[in-house]
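Here's the structure, in structure tokens; my notes come after.
No value in this document is a laboratory result; all are computed from the given coordinates. This structure is a prediction, so every number in the text was calculated from the model and none was measured. Positions of Cβ are generated from backbone atoms using ideal geometry, with glycine treated the same way; all protein chains shown enter the neighbour counts.
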Amino acid sequence: MDITEQSRLLASMALSTKKTPTPTTKDRVQKTAQEFEAIFVQQMFKEMRRTIPEGGLLPKGNAEEIFTSMQDMEAARQLTTHGGIGLAEVLAAQMRKGLP
């Protein structure tokens with residue numbers, strides 16, 4: 001699943017709710033926006049790592065790539081739960097406009 005499919009899935013989950021917004025609906029919208037921001041930040045980390053030249057004493061293996069990916073995802077989650085880059089707030093505000 002690529003980033004576009006993930007973002008569509010998260011957006012549809014947030015907007016497929018009851019007609020009247022309840023506190024839980026607003027909470028779900030906020031959580032979905034934070035999850036999207038975490039995925040976005042993880043992709044930024046991944047692309048930033050690609051700019052670092054290969055090298056070192058030992059070649060990178062598959063296990064190190066998996067660990068780095070998991071580390072980036074957790075760092076992105078922590079970043080978004082502590083303020084993030086502001087994308088979650090903008091997305092949540094935009095999604096709330098679609099709620100009656």
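Both the radius of gyration and Dmax for the range 25-100 are 16.0, 59 Å, in that order, over alpha-carbon atoms. Footprinting exposure proxy ranking of F67, F45, fewest other C-beta atoms within 10 angstrom first, gives F67, F45.
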